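Below is one structure, written out as structure tokens; comments come after it.
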Amino acid sequence: MNTAEFTQKYYTERRGSHSRKWDGQHLKFSRTDLLPLWVADMDFMPPQCIQNAICNYVKAVPLGYTMTNPAYIEAVMSWYKRRHSCTLSADWLTGAPNVITGLMWCIGAFTEPNDAVAVLTPVYGAFDTSANDAQRHIISVPMHRTADNRYTVDYDAFKSAIVKNDVKLFIHCNPYNPVGHVWTDEEMEQLFSICKRHHVLIISDEIHQDLITGPTPFTPALSVSGGAYADNMVAMSSVSKSFNMASLHQAEVIIPNESLRSRYNTYRSHVYHTDSDVIAEAAITAAYTHPNAEAWLNDLLAVVRENYDYMYKELYAALPELRISPMDGTYLAWIDFSTYIKPESMRDVFENQCRIAPSFGEWFGGENYATFVRLNLATSLENIKTTTHSIIRNI
Ligand SMILES: Cc1ncc(COP(=O)(O)O)c(C=O)c1O
């Protein structure tokens with residue numbers, strides 16, 4: 001299916017559906033008539049085979065107490081193997097209702113109040129709020145932006161920050177929200193070897209793992225250096241980004257090390273007393289095993305890529321001093337407007353002039369990113385054209 005056919009078939013009007021992105025603008029913006037490109041979900045219906053799996057389940061089975069369906073575990077394992085050449089063992093898998101809850105439980109299970117937790121910046125806001133809310137100290141290690149707007153890590157600075165602050169946990173994001181970077185094996189080897197040497201546990205949030213549109217293939221953190229760091233790691237993911245199912249509540253938390261897994265499960269059993277979500281399991285099983293779901297994902301990636309390429313070309317032609325980071329993964333474009341807009345004018349320009357609701361850069365690490373926006377491209381090309389030309393007209 002080409003991109004126009006995909007959009008014709010799956011794009012859906014979400015206003016009025018209690019969508020946080022469309023109907024929840026009052027939560028973050030000064031007006032509610034904006035074209036929203038903030039919350040990271042998509043404006044596309046999921047594939048029919050997933051809808052059928054949900055409907056068939058509820059038609060066939062009462063929603064009583066259940067145990068985890070082995071077909072769901074098999075489906076997750078088959079996806080990792082097929083899509084990411086990563087062999088999981090069934091007993092590594094545990095869960096959480098979503099990735100950020102899993103992250104909060106890891107922080108609770110593996111650290112104590114006042115322990116230091118490291119992140120790279122810019123950073124997805126829920127990482128530092130999860131740690132701050134649990135009274136952990138966040139140690140931010142700023143990444144460097146190269147001349148071609150890629151982000152790289154200063155490994156010496158990373159190591160020094162870890163040693164100086166006696167960091168206990170590193171929250172990694174692979175691929176990286178907000179800058180769209182897809183980490184290579186070599187880059188992660190450098191980060192993880194520092195963590196291992198200094199007894200820092202790695203949490204790798206891989207929720208964007210299937211959203212690869214650039215040249216760098218996704219490498220699961222579990223596979224780095226042939227699995228050399230898997231024993232010192234919790235990897236987390238879910239179908240919520242890949243198949244637009246964030247309101248179903250089942251994320252995979254993958255912990256190869258038995259004693260870490262048991263610590264996580266003990267913590268979880270103290271704060272949560274619910275079986276896995278059977279409807280989510282049915283949906284995930286379809287997403288990870290049905291050929292039509294994988295075809296849908298591949299078609300979606302072409303739409304996201306086309307949107308990025310369109311916006312990139314048009315914006316640069318009109319505003320050559322913009323700095324747009326390469327979007328190798330995720331469906332999020334990270335753009336620096338510093339040459340054109342003063343930090344204090346960003347809100348006025350985007351909300352009142354462009355009439356767009358972006359994610360503002362300051363949400364990803366404070367004032368250092370005040371001239372950036374993150375734009376969610378998982379929408380129609382028409383919405384991306386409207387956004388692009390509105391920016392060009394108003395700047
Ligand atoms: C890196 C990252 N992790 C986690 C989440 C949220 O995931 P969940 O809804 O499963 O908690 C997002 C959503 O934008 C994200 O970008």
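The values are calculated or read from the model by the stated rules, or taken from the named source; none is laboratory data. Since this is a predicted model, take the numbers as computed values, not measurements. Cβ sites come from the backbone with ideal geometry, for glycine too, and all protein chains shown count toward neighbours.
Below, the figures for the structure above:
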quantity: Candidates CYS86, CYS55, CYS106, CYS49, filtered to the one that is on the phi < 0 side of the Ramachandran plot, among the hydrophobic types (A, V, I, L, M, F, W, C) and in contact with a Ser or Thr (Cβ under 6 Å, 6 or more places away or on another chain); calculated: CYS86
quantity: Check on TRP79, assigned to a helix (DSSP H, G or I), touching a residue at least 24 places away in the same chain (Cβ under 8 Å) and within 16 Å of the ligand (Cβ to nearest atom); calculated: no
quantity: Residue check for LYS21: in a helix (DSSP H, G or I) and crowded, with 19+ Cβ neighbours inside 10 Å; calculated: yes
quantity: Residues located in the stretch 10-33, provided they are over 23 Å from the mean Cα position of the chain (by Cα) and in contact (Cβ under 8 Å) with a residue 12 or more places away in the chain; calculated: SER30, ARG31, ASP33
quantity: Residue that is nearest to ILE324 (Cα to Cα) [pool: residues in the stretch 354-395 that are charged (D, E, K, R) and surrounded by fewer than 16 Cβ atoms within 10 Å (Cβ to Cβ)]; calculated: LYS385
quantity: Qualifying residue in the stretch 220-241 (condition: among the charged types (D, E, K, R) and more than 16 Å from the ligand (Cβ to nearest atom)); calculated: yes
quantity: Lone qualifier among SER223, SER259, SER247, SER269 - being surrounded by 14 or more Cβ atoms within 10 Å (Cβ to Cβ), in the same structural domain as VAL179 (by the TED database) and either at pLDDT below 95 or small (Gly, Ala, Ser) (or both); calculated: SER223
quantity: Which listed residue, of GLU281, GLU258, is out of contact with any strand residue (DSSP E or B) (no Cβ under 6 Å at 6 or more places or on another chain) and under 27 Å from ILE194 (Cβ atoms); calculated: GLU258
quantity: Test: residue in the stretch 204-217 that is out of contact with any Asp or Glu (no Cβ under 6 Å at 6 or more places or on another chain), farther than 30 Å from ARG20 by Cα and either within 16 Å of the ligand (Cβ to nearest atom) or free of Cβ contacts under 8 Å to residues at least 40 places away in the same chain (or both); calculated: yes
quantity: Every residue from the stretch 367-382 that is assigned to a helix (DSSP H, G or I) and in contact with a Pro (Cβ under 9 Å, 6 or more places away or on another chain); calculated: GLU367, ASN368, TYR369
quantity: Residue satisfying all of: in the stretch 82-130; more than 16 Å from the ligand (Cβ to nearest atom), surrounded by fewer than 18 Cβ atoms within 10 Å (Cβ to Cβ) and polar (S, T, N, Q); farthest from MET233 (Cα to Cα) among these; calculated: ASN114
quantity: Any hit, the stretch 60-67, residues being of a type outside the set (Val, Ile, Thr), touching a residue at least 24 places away in the same chain (Cβ under 8 Å) and in contact with a strand residue (DSSP E or B) (Cβ under 8 Å, 6 or more places away or on another chain); calculated: no
quantity: Residue in the stretch 43-55 that is out of contact with any Cys (no Cβ under 6 Å at 6 or more places or on another chain), under 22 Å from THR388 (Cα atoms), at pLDDT 95 or above and not small (Gly, Ala, Ser) present; calculated: yes
quantity: Matching entry among VAL271, VAL304, VAL253 (being among the β-branched types (Val, Ile, Thr) and under 20 Å from THR3 (Cα atoms)); calculated: VAL304
quantity: Selection status of PRO175, touching a Gly at 6+ places or on another chain (Cβ under 9 Å) and either farther than 26 Å from ASN257 by Cα or hydrophobic (A, V, I, L, M, F, W, C) (or both); calculated: no
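Per-residue answers, yes or no, for (1) hydroxyl-bearing (Ser, Thr, Tyr); (2) under 17 Å from SER242 (Cα atoms):
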| residue | (1), (2) |
| --- | --- |
| TYR11 | yes, yes |
| SER19 | yes, no |
| HIS26 | no, no |
| LEU35 | no, no |
| PRO47 | no, yes |
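Let's see how each residue does on (1) within 26 Å of HIS137 (Cα to Cα); (2) aliphatic (A, V, I, L, M):
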{"position": "VAL167", "(1), (2)": "yes, yes"}
{"position": "PHE170", "(1), (2)": "yes, no"}
{"position": "ASP185", "(1), (2)": "no, no"}
{"position": "ILE194", "(1), (2)": "yes, yes"}
{"position": "ILE203", "(1), (2)": "yes, yes"}
{"position": "GLU206", "(1), (2)": "yes, no"}
{"position": "LEU211", "(1), (2)": "no, yes"}
{"position": "THR216", "(1), (2)": "no, no"}
{"position": "ALA230", "(1), (2)": "yes, yes"}
